[in-house]
Each structure stands twice: as C-alpha cells, then as structure tokens.
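Asks: Sharing a structure, written as structure tokens. Questions coming.
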Amino acid sequence: MPELPEVECVLRGLEKSLAGERIESVKVLREQSIACPSAKSFAKLVPGRVFSDFVRRGKYLLMSFDDGSGLACHLRMSGALVVKTKEEEKDKHLRVLFKMQSGKELHFEDMRVFGRLWFVKSSTKFQEVIPALNKMGPEPLTDLTHNYLQEKLATRSQSIKAALLDQELIAGIGNIYADEVLFLTGVHPQTRASDLSTAKLKKLVENIRFVLEQAIVAGGSSIRDYKDSFGVNGNYQNEALVYGRVGLSCTKCERKIERVKLAGRSAHFCPRCQRR
DNA sequence: GGCTTATCCTGGGCGC
DNA sequence: TGCGCCCAGGATAAGC
C-alpha cells in the first residue's frame with residue numbers, strides 16, 4: 001500500500017519515463033477513479049497536454065503540464081501508475097489508460113478502486129481542487145522538527161500511532177512506516193501523544209527520516225499491492241521489523257510481536273521493546 | 001474542537 | 001470445489 005516512499009519512487013520513475021511526453025488519448029474504464037472533473041470531461045480535457053514537472057506532496061502525485069494545467073493522483077491502498085508499451089498485457093484492474101504520442105502508455109491500475117485522479121485547469125492551483133493539500137502537515141524528510149511535534153502534540157490526548165497517521169500533523173506516513181518508526185523509537189503505539197518526552201520526540205523525528213529514506217533506497221514496500229512506475233515490486237518488506245510479523249520473534253529481544261486495533265488500523269509492536 | 005468509528009471497495013485467505 | 005465470512009487500509013463523513 002503506497003505511503004510516502006512508494007509515492008516518491010513512483011514519481012521518480014514517471015519523471016524519467018514521461019517528461020516531455022504528449023498525451024494522445026485517454027480512456028476511462030472506471031468513472032469512479034476520476035475525482036474531478038467528470039470522467040467524460042477528464043477524457044476530453046487531458047489529451048494534447050505535455051508532461052513537464054513532477055512533484056510529490058505527502059502521498060499525492062502532482063504532475064504539471066507545459067501549459068500550466070495539471071494531473072494529480074492519490075494511489076490510496078492499491079493504486080499504481082505504470083508506464084508500459086502497447087504490446088504489454090493489460091492488467092485486469094486497469095482503470096484509466098493514457099496513450100502517448102510516442103507509443104508509450106500510462107496505466108492507472110487500482111484493484112480496490114480507492115485511488116483517485118484529478119485534472120486541474122491552467123487557471124487553477126492543485127490546492128483549490130484538492131482541499132486536503134492546504135491542511136497537510138510538514139514533509140517529514142525536509143521540514144519536520146521535534147520542536148514542531150512537541151508544540152503540536154502537547155495537548156493531544158490521542159495515541160501516538162493515531163497522531164502519526166494524521167496527515168495534517170505529518171504528511172505521508174501510513175500504517176506500515178508508523179509501526180516501524182515506533183518500534184525503532186521504543187514507543188508503544190498506544191502511548192498518549194502528549195506523554196512523549198523531548199528526547200523521545202527527537203529520536204522519533206530521526207527515526208521517521210531514517211525509515212522513510214531507507215524505504216526509498218529499497219524502492220518502497222511491496223507489502224500487499226504496491227508496485228512502482230515500471231511495474232516492479234519494492235524490497236522494503238524484507239526489512240520490516242514489526243509490520244506483518246505478528247507471532248514472529250522480535251529482532252531485538254525475541255519476544256513475540258503483537259497486534260492491536262488502534263484508530264481503526266492494526267498496530268504491530270514488541271511488548272518488551274515498546275512498553276507502555 | 002477533539003477524538004473515534006463507520007464507510008467505501010475488492011481480492012485473498014480461511015473454515016466449513 | 002464452492003460458498004460465506006473476515007481482513008487489509010487512506011481519506012472523509014458522521015457521531016459522540
């Protein structure tokens with residue numbers, strides 16, 4: 001499931017493959033995948049545009065065209081943007097097909113149909129069409145500091161796990177990396193967010209950077225449904241320390257990894273290394 | 001206002 | 001083999 005590192009890997013791949021490419025046609029196979037405008041308008045408005053800039057904000061992919069308009073995408077749980085040739089086999093979960101003038105194809109595949117695409121006119125900013133972008137917290141790789149977290153978490157009574165998943169607090173962290181970061185920091189996921197000491201917050205920020213950077217280097221995670229823009233699975237799942245390891249031994253102390261339901265999500269932790 | 005829970009959606013895994 | 005149930009989770013709406 002794509003989080004910040006996976007989106008970053010997809011973005012880098014798309015930039016390599018599609019910069020300067022002109023879209024010839026668009027076929028929407030599942031109308032639900034288009035958030036804005038209507039699927040019909042989307043298919044009519046996008047052809048003829050040329051990809052120029054590629055930017056990531058949190059888990060959003062923001063792709064600008066040379067005329068100032070743009071294409072935004074959120075992969076949600078199972079979405080993938082894959083560049084293929086027209087000879088390659090079409091995935092059965094193909095939702096939107098972009099054909100380039102050069103013969104390349106961009107496939108938006110999405111098994112669970114949670115992913116969304118937006119077309120943004122040249123006179124409009126991405127933030128005007130996607131309000132979530134206005135409220136999004138700092139980028140963890142570049143702008144996050146422990147002072148910011150300390151200030152924001154001081155009055156939060158919710159769990160630290162729920163807080164890490166809040167995109168308005170920090171952009172881009174999802175369930176997998178939140179669990180990994182908390183394990184490395186030695187913090188139980190159910191710890192009250194306001195209870196973390198300054199030292200723990202400093203360590204938390206360091207570990208957020210470390211885990212996300214490691215995951216990008218590994219090409220993202222392949223736990224469940226993620227693949228990059230070349231259709232290749234990542235390698236980070238081989239390095240996950242707690243996520244998806246319920247009942248297996250902790251890599252530090254050999255206690256069995258446990259799982260609890262928290263904020264509607266499963267939280268994986270070591271009961272000895274992450275005491276409440 | 002802060003927080004939790006339900007909802008959307010599909011396929012894989014499991015038990016019967 | 002086939003059926004039904006449960007689970008996975010990001011964003012958002014609804015409810016407390």
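Asks: Count, please, the residues in the range A:48-69 that happen to be closer than 21 Å to A:GLY103 by Cα and surrounded by 15 or more Cβ atoms within 10 Å (Cβ to Cβ).
Replies: The number of residues fulfilling the criteria is 8.
Asks: Which one is nearest to A:LEU14 (Cα to Cα) among residues in the range A:81-97 that are of a type outside the set (A, V, I, L, M) and assigned to a strand (DSSP E or B)?
Replies: A:LYS84
Asks: Given the conditions (1) more than 26 Å from A:ASN134 (Cβ to Cβ); (2) of a type outside the set (Ser, Thr, Tyr); (3) without any contact (Cβ under 8 Å) to a residue 40 or more places away in the chain, and given that A:LEU184 satisfies all but one, which numbered condition is not satisfied?
Replies: Looking at each condition in turn, A:LEU184 falls short on (3).
Asks: Consider only pairs whose beta carbons are under 7 Å apart and that are at least six residues apart or on different chains; among these, list those whose first residue lies in the range A:127-156 and is crowded, with 16+ Cβ neighbours inside 10 Å and whose second residue is β-branched (Val, Ile, Thr) and assigned to a loop (DSSP other than H, G, I, E, B).
Replies: The qualifying pairs are A:GLY137/A:ILE170; A:PRO138/A:ILE170; A:PRO140/A:ILE170; A:PRO140/A:ILE173; A:LEU144/A:ILE170.
Asks: Please specify each residue of the range A:154-179 satisfying the condition of being in contact with a strand residue (DSSP E or B) (Cβ under 9 Å, 6 or more places away or on another chain) and more than 10 Å from DNA strand C (Cβ to nearest atom).
Replies: Hits for the range A:154-179 are A:ARG156, A:SER157, A:GLN158, A:SER159, A:ILE160, A:LYS161, A:ALA162.
Asks: Looking only at residues that are surrounded by fewer than 24 Cβ atoms within 10 Å (Cβ to Cβ) and at positive phi in the range A:205-229, which one is modelled with the lowest pLDDT?
Replies: So, considering only residues that are surrounded by fewer than 24 Cβ atoms within 10 Å (Cβ to Cβ) and at positive phi, the one modelled with the lowest pLDDT is A:ARG224.
Asks: A follow-up question, please. Out of A:LYS99, A:LYS135, which single residue is within 16 Å of DNA strand C (Cβ to nearest atom) and either out of contact with any helix residue (DSSP H, G or I) (no Cβ under 6 Å at 6 or more places or on another chain) or at pLDDT below 90 (or both)?
Replies: Answer to the check: A:LYS135.
The values are calculated or read from the model by the stated rules, or taken from the named source; none is laboratory data. These figures come from a predicted structure and were not determined experimentally. Note that each Cβ is placed from the backbone with ideal geometry, even for glycine, and that neighbours are counted across all protein chains shown.
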